[in-house]
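Below: one structure, written as structure tokens.
Please treat every number below as a calculation from the coordinates, not as lab data. Not measured: the values here are computed from a predicted model. Note that each Cβ is placed from the backbone with ideal geometry, even for glycine, and that neighbours are counted across all protein chains shown.
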Amino acid sequence: MLVFAPTSSESIDTVINVFNFIAYQFRDTKGRKTLPVVIVANKVDLELPEEQFANLQRGATFAKERGIPYFETSALTEKGIDDAFTGMAERIVAWKKEMQKEPDDLFKKLKRKLQGK
């Protein structure tokens, strides 16, 4: 879970840099997704000036372009907190299932066919 505060452009820059580092370090040559990640904007209870609202939009756009779930939350009001953690849990479950798939499934199926099973 990568969390940023839209009140700081450094915060969204850090989330983007960390995501890019993770995506590179844990890339998978078998076409599977990298580690499960969601991006969370916190402090959405605040009224944001235009330049800070741009940080919020930047985070949402970054997540959308990469197919990453994006959530807006407020630790103060607890808005969106459950959704963000549920979304993260769902990503972990889906990722675990994907990682359990064996790359040689096709060969196992072919072998069973040849053995008449």
* Asked: Could you give me the ³J(HN,Hα) list for the range 9-22, computed from phi with Karplus coefficients 6.51, -1.76, 1.60 and θ = phi - 60°, whole Hz, x at Gly and Pro?
  -> 5, 5, 5, 5, 4, 5, 4, 5, 5, 5, 4, 4, 5, 4
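For the residues 73, 14, 61, what sequence is obtained by ranking on other C-beta atoms within 10 Å, fewest first? Kindly include the intermediate steps, with their values, before the conclusion.
Numbers: 73 21, 14 14, 61 11.
Going from sparsest to densest Cβ surroundings: 61, 14, 73.
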